[in-house]
1. Among 99, 103, which is the only one that is among the aliphatic types (A, V, I, L, M), farther than 24 Å from residue 201 by Cα and exposed (fewer than 15 other Cβ atoms within 10 Å of the Cβ)?
2. Which residues, counting only those in the range 55-67, are closer than 11 Å to residue 13 by Cβ and touching a residue at least 60 places away in the same chain (Cβ under 8 Å)?
3. State whether one or more residues within the range 147-154 are at pLDDT 85 or above and more than 21 Å from residue 81 (Cα to Cα).
4. Sort out for me the helices (runs of 4 or more DSSP H) sitting completely within the range 150-255 that have 2 or more residues that are acidic (Asp, Glu) and under 26 Å from residue 32 (Cα atoms).
5. Considering only the range 52-66, state which residues are among the charged types (D, E, K, R) and either under 11 Å from residue 236 (Cα atoms) or open to solvent by 60 Å² or more (accessible area, probe 1.4 Å) (or both).
6. For residue 114, all conditions in the list (1) of a type in the set (Val, Ile, Thr); (2) exposed (fewer than 15 other Cβ atoms within 10 Å of the Cβ); (3) at pLDDT 85 or above; (4) more than 30 Å from residue 11 (Cβ to Cβ) hold save one; what is the number of the exception?
7. Go through the range 200-216 and report how many residues are surrounded by fewer than 21 Cβ atoms within 10 Å (Cβ to Cβ) and on the phi > 0 side of the Ramachandran plot.
Amino acid sequence: MITNMIGGVVNAFQWVFDLLPAWLFIILVLLLTFWINRKKQKWGLLVFELIGLLLIWNLDFWRDMTQTLTLVLTSSLIALVVGIPLGIWMSKSNIVEAIFKPILDFMQTMPAFVYLIPAVAFFGIGMVPGVVASVIFAMPPTVRMTNLGIRQVSTELVEAADSFGSTGWQKLIKVELPMAKSTMMAGINQSIMLSLSMVVIASMIGAMGLGTRVYFAVGRNDAGGGFVAGIAIVIVAIILDRLTQSFNKKNKIEN
(Lines give C-alpha, C1' and ligand atoms only; values in the text may rest on other atoms or scores of the structure.)
Protein backbone atom coordinates (compact mmCIF):
# COMPACT_ATOMS: atom_id res chain seq x y z
CA MET A 1 0.00 0.00 0.00
CA ILE A 2 2.77 2.46 0.95
CA THR A 3 4.71 1.51 -2.16
CA ASN A 4 1.68 2.11 -4.37
CA MET A 5 0.92 5.44 -2.70
CA ILE A 6 4.47 6.78 -3.02
CA GLY A 7 4.79 5.34 -6.50
CA GLY A 8 1.58 7.10 -7.52
CA VAL A 9 2.89 10.47 -6.32
CA VAL A 10 6.21 9.89 -8.09
CA ASN A 11 4.48 8.92 -11.33
CA ALA A 12 2.17 11.95 -11.11
CA PHE A 13 5.07 14.38 -10.73
CA GLN A 14 7.03 12.68 -13.49
CA TRP A 15 3.99 12.67 -15.80
CA VAL A 16 3.64 16.43 -15.37
CA PHE A 17 7.35 17.03 -16.02
CA ASP A 18 7.30 14.77 -19.09
CA LEU A 19 4.19 16.55 -20.38
CA LEU A 20 5.84 19.98 -20.28
CA PRO A 21 8.35 20.80 -23.04
CA ALA A 22 11.69 22.01 -21.71
CA TRP A 23 11.21 25.54 -23.04
CA LEU A 24 7.78 25.83 -21.39
CA PHE A 25 9.16 24.51 -18.08
CA ILE A 26 11.89 27.16 -18.15
CA ILE A 27 9.35 29.91 -18.85
CA LEU A 28 7.14 28.72 -15.98
CA VAL A 29 10.08 28.74 -13.55
CA LEU A 30 11.02 32.26 -14.63
CA LEU A 31 7.41 33.46 -14.28
CA LEU A 32 7.15 31.89 -10.82
CA THR A 33 10.36 33.61 -9.74
CA PHE A 34 9.18 36.93 -11.18
CA TRP A 35 5.83 36.65 -9.36
CA ILE A 36 7.35 35.74 -6.00
CA ASN A 37 9.84 38.62 -6.20
CA ARG A 38 7.49 41.11 -7.86
CA LYS A 39 7.86 43.68 -5.05
CA LYS A 40 11.64 43.48 -5.03
CA GLN A 41 12.77 41.93 -8.27
CA LYS A 42 15.96 39.84 -8.38
CA TRP A 43 17.12 40.04 -11.98
CA GLY A 44 20.34 38.18 -11.19
CA LEU A 45 18.34 35.13 -10.07
CA LEU A 46 16.24 35.24 -13.24
CA VAL A 47 19.35 35.36 -15.42
CA PHE A 48 20.95 32.52 -13.43
CA GLU A 49 17.84 30.35 -13.78
CA LEU A 50 17.64 30.98 -17.52
CA ILE A 51 21.31 30.22 -18.17
CA GLY A 52 21.42 27.29 -15.74
CA LEU A 53 18.32 25.54 -17.11
CA LEU A 54 19.40 26.13 -20.70
CA LEU A 55 22.78 24.60 -19.82
CA ILE A 56 21.12 21.51 -18.35
CA TRP A 57 18.95 21.22 -21.47
CA ASN A 58 21.97 21.64 -23.74
CA LEU A 59 23.92 18.97 -21.85
CA ASP A 60 21.05 16.52 -22.48
CA PHE A 61 20.44 16.20 -18.73
CA TRP A 62 16.83 17.37 -18.89
CA ARG A 63 15.18 14.01 -18.25
CA ASP A 64 17.64 13.31 -15.42
CA MET A 65 16.91 16.73 -13.94
CA THR A 66 13.15 16.16 -13.95
CA GLN A 67 13.64 12.75 -12.30
CA THR A 68 15.74 14.45 -9.62
CA LEU A 69 13.02 17.06 -9.10
CA THR A 70 10.45 14.27 -8.84
CA LEU A 71 12.46 12.61 -6.08
CA VAL A 72 13.02 15.89 -4.22
CA LEU A 73 9.44 17.16 -4.49
CA THR A 74 7.89 13.82 -3.50
CA SER A 75 10.14 13.34 -0.48
CA SER A 76 9.75 17.00 0.57
CA LEU A 77 5.96 16.80 0.27
CA ILE A 78 5.79 13.68 2.44
CA ALA A 79 8.23 15.20 4.93
CA LEU A 80 5.98 18.26 5.25
CA VAL A 81 2.76 16.27 5.54
CA VAL A 82 4.26 14.19 8.36
CA GLY A 83 6.68 16.70 9.88
CA ILE A 84 4.46 19.76 10.37
CA PRO A 85 1.71 17.96 12.37
CA LEU A 86 4.40 16.21 14.41
CA GLY A 87 6.08 19.56 15.12
CA ILE A 88 2.74 21.05 16.18
CA TRP A 89 2.16 18.08 18.49
CA MET A 90 5.61 18.52 20.03
CA SER A 91 4.96 22.24 20.62
CA LYS A 92 1.78 21.40 22.56
CA SER A 93 3.27 18.75 24.84
CA ASN A 94 6.58 18.73 26.71
CA ILE A 95 6.28 14.95 27.10
CA VAL A 96 5.96 14.43 23.35
CA GLU A 97 8.90 16.79 22.79
CA ALA A 98 11.03 14.84 25.28
CA ILE A 99 10.16 11.58 23.49
CA PHE A 100 10.79 12.74 19.92
CA LYS A 101 13.88 14.90 20.47
CA PRO A 102 16.25 11.90 20.84
CA ILE A 103 14.59 10.25 17.84
CA LEU A 104 15.17 13.35 15.73
CA ASP A 105 18.78 13.51 16.96
CA PHE A 106 19.20 9.89 15.89
CA MET A 107 17.67 10.59 12.46
CA GLN A 108 19.95 13.59 11.86
CA THR A 109 23.22 12.05 13.04
CA MET A 110 22.84 8.62 11.41
CA PRO A 111 24.97 8.43 8.22
CA ALA A 112 22.77 8.83 5.17
CA PHE A 113 24.02 5.59 3.60
CA VAL A 114 22.56 3.59 6.48
CA TYR A 115 19.02 4.57 5.50
CA LEU A 116 19.42 2.70 2.23
CA ILE A 117 19.56 -0.67 4.02
CA PRO A 118 16.02 -0.74 5.50
CA ALA A 119 14.65 1.12 2.46
CA VAL A 120 15.86 -1.65 0.13
CA ALA A 121 14.82 -4.39 2.57
CA PHE A 122 11.21 -3.15 2.72
CA PHE A 123 10.68 -1.54 -0.68
CA GLY A 124 13.20 -3.13 -3.06
CA ILE A 125 15.08 -0.89 -5.47
CA GLY A 126 13.95 2.08 -7.50
CA MET A 127 12.48 5.51 -6.84
CA VAL A 128 10.24 4.48 -3.92
CA PRO A 129 13.04 3.40 -1.53
CA GLY A 130 14.95 6.51 -2.58
CA VAL A 131 11.97 8.63 -1.54
CA VAL A 132 11.61 6.76 1.77
CA ALA A 133 15.30 7.23 2.63
CA SER A 134 15.10 10.91 1.66
CA VAL A 135 12.02 11.47 3.83
CA ILE A 136 13.67 9.98 6.91
CA PHE A 137 16.84 11.97 6.30
CA ALA A 138 15.13 15.28 5.47
CA MET A 139 12.18 15.42 7.89
CA PRO A 140 13.88 16.46 11.21
CA PRO A 141 14.44 20.16 10.29
CA THR A 142 10.75 20.63 9.50
CA VAL A 143 9.70 19.01 12.77
CA ARG A 144 12.21 20.95 14.86
CA MET A 145 11.56 24.36 13.30
CA THR A 146 7.77 23.94 13.47
CA ASN A 147 8.07 23.10 17.16
CA LEU A 148 10.46 26.00 17.75
CA GLY A 149 8.40 28.52 15.79
CA ILE A 150 5.17 27.79 17.68
CA ARG A 151 6.91 27.80 21.05
CA GLN A 152 8.41 31.22 20.26
CA VAL A 153 5.02 32.82 19.64
CA SER A 154 4.49 35.66 22.12
CA THR A 155 2.55 34.58 25.21
CA GLU A 156 0.73 37.94 25.12
CA LEU A 157 -0.75 37.07 21.72
CA VAL A 158 -1.80 33.63 22.92
CA GLU A 159 -3.40 35.11 26.03
CA ALA A 160 -5.19 37.71 23.91
CA ALA A 161 -6.60 34.95 21.70
CA ASP A 162 -7.74 33.08 24.81
CA SER A 163 -9.40 36.21 26.20
CA PHE A 164 -11.48 36.54 23.02
CA GLY A 165 -12.71 32.98 23.46
CA SER A 166 -10.70 31.35 20.65
CA THR A 167 -10.73 27.58 20.54
CA GLY A 168 -7.46 25.68 20.42
CA TRP A 169 -7.88 25.11 16.67
CA GLN A 170 -8.65 28.79 15.98
CA LYS A 171 -5.66 29.85 18.07
CA LEU A 172 -3.39 27.50 16.14
CA ILE A 173 -4.62 28.48 12.65
CA LYS A 174 -5.07 32.23 13.14
CA VAL A 175 -2.32 33.11 15.62
CA GLU A 176 0.40 30.50 16.15
CA LEU A 177 1.00 29.19 12.63
CA PRO A 178 1.02 32.66 10.98
CA MET A 179 3.46 33.96 13.59
CA ALA A 180 5.66 30.86 13.25
CA LYS A 181 5.57 30.87 9.44
CA SER A 182 9.04 32.40 9.00
CA THR A 183 10.71 29.84 11.27
CA MET A 184 8.77 27.00 9.68
CA MET A 185 9.82 28.10 6.19
CA ALA A 186 13.47 27.93 7.28
CA GLY A 187 12.90 24.31 8.31
CA ILE A 188 11.12 23.54 5.03
CA ASN A 189 14.02 25.04 3.09
CA GLN A 190 16.48 22.81 4.95
CA SER A 191 14.33 19.73 4.35
CA ILE A 192 14.31 20.43 0.60
CA MET A 193 18.09 20.85 0.57
CA LEU A 194 18.59 17.62 2.54
CA SER A 195 16.30 15.79 0.11
CA LEU A 196 18.42 17.01 -2.75
CA SER A 197 21.58 15.91 -0.96
CA MET A 198 20.24 12.34 -1.02
CA VAL A 199 20.10 12.35 -4.84
CA VAL A 200 23.53 10.85 -5.39
CA ILE A 201 23.19 8.42 -2.49
CA ALA A 202 19.74 7.21 -3.59
CA SER A 203 21.13 6.45 -7.05
CA MET A 204 22.93 3.49 -5.44
CA ILE A 205 19.56 1.77 -4.94
CA GLY A 206 18.10 2.52 -8.36
CA ALA A 207 16.67 6.02 -7.91
CA MET A 208 17.02 7.69 -11.28
CA GLY A 209 18.18 11.24 -11.90
CA LEU A 210 21.32 13.34 -11.94
CA GLY A 211 22.70 11.26 -9.09
CA THR A 212 22.85 8.27 -11.42
CA ARG A 213 25.09 10.24 -13.79
CA VAL A 214 27.43 11.05 -10.91
CA TYR A 215 27.37 7.47 -9.63
CA PHE A 216 28.21 6.02 -13.06
CA ALA A 217 30.95 8.62 -13.55
CA VAL A 218 32.57 7.57 -10.27
CA GLY A 219 32.42 3.91 -11.31
CA ARG A 220 34.06 4.70 -14.66
CA ASN A 221 36.56 7.18 -13.19
CA ASP A 222 35.07 9.80 -15.51
CA ALA A 223 36.01 13.06 -13.78
CA GLY A 224 34.56 15.26 -16.51
CA GLY A 225 31.19 13.53 -16.64
CA GLY A 226 30.88 13.53 -12.86
CA PHE A 227 31.80 17.22 -12.62
CA VAL A 228 29.27 18.25 -15.27
CA ALA A 229 26.48 16.25 -13.58
CA GLY A 230 27.52 17.79 -10.26
CA ILE A 231 27.21 21.27 -11.76
CA ALA A 232 23.66 20.40 -12.87
CA ILE A 233 22.80 19.32 -9.31
CA VAL A 234 24.25 22.59 -7.96
CA ILE A 235 22.10 24.60 -10.39
CA VAL A 236 18.94 22.78 -9.29
CA ALA A 237 19.90 23.21 -5.60
CA ILE A 238 20.47 26.96 -5.94
CA ILE A 239 17.19 27.47 -7.80
CA LEU A 240 15.18 25.53 -5.18
CA ASP A 241 16.96 27.29 -2.32
CA ARG A 242 16.44 30.80 -3.71
CA LEU A 243 12.79 30.14 -4.58
CA THR A 244 11.94 28.94 -1.06
CA GLN A 245 13.86 31.84 0.51
CA SER A 246 12.11 34.33 -1.77
CA PHE A 247 8.73 32.84 -0.88
CA ASN A 248 9.53 33.27 2.81
CA LYS A 249 10.55 36.93 2.28
CA LYS A 250 7.36 37.52 0.26
CA ASN A 251 5.28 36.29 3.21
CA LYS A 252 7.18 38.60 5.58
CA ILE A 253 6.46 41.62 3.35
CA GLU A 254 2.77 40.77 3.07
CA ASN A 255 2.47 40.26 6.82
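1. Details: 103 fails: farther than 24 Å from residue 201 by Cα.
Of 99, 103, the one residue that is among the aliphatic types (A, V, I, L, M), farther than 24 Å from residue 201 by Cα and exposed (fewer than 15 other Cβ atoms within 10 Å of the Cβ) is 99.
2. Residues of the range 55-67 that are closer than 11 Å to residue 13 by Cβ, as a first pass: 66-67.
Across the range 55-67, the qualifying residue is only 67.
3. Residues of the range 147-154 that are at pLDDT 85 or above, as a first pass: 147-153.
If we keep only those that are more than 21 Å from residue 81 (Cα to Cα) too, we end up with 152-153.
Yes, the range 147-154 has at least one match.
4. Numbers: elements: 155-163, 168-171, 177-197, 199-202, 210-219, 223-254.
Answer list for the range 150-255: 223-254.
5. First pass over the range 52-66, keeping only residues among the charged types (D, E, K, R): 60, 63-64.
Across the range 52-66, the qualifying residues are 60, 63.
6. Condition (4) is where residue 114 drops out.
7. Here the count works out to 1.
The values are calculated or read from the model by the stated rules, or taken from the named source; none is laboratory data. In this text the structure is predicted, and so the values were computed from the model without any measurement. Cβ: placed from backbone, ideal geometry, glycine included. Neighbour counts: every protein chain shown. Areas reflect the complete protein model, heavy atoms only, side chains present, ligands, DNA and RNA absent. Shrake-Rupley method; radii C 1.70, N 1.55, O 1.52, S 1.80 Å.
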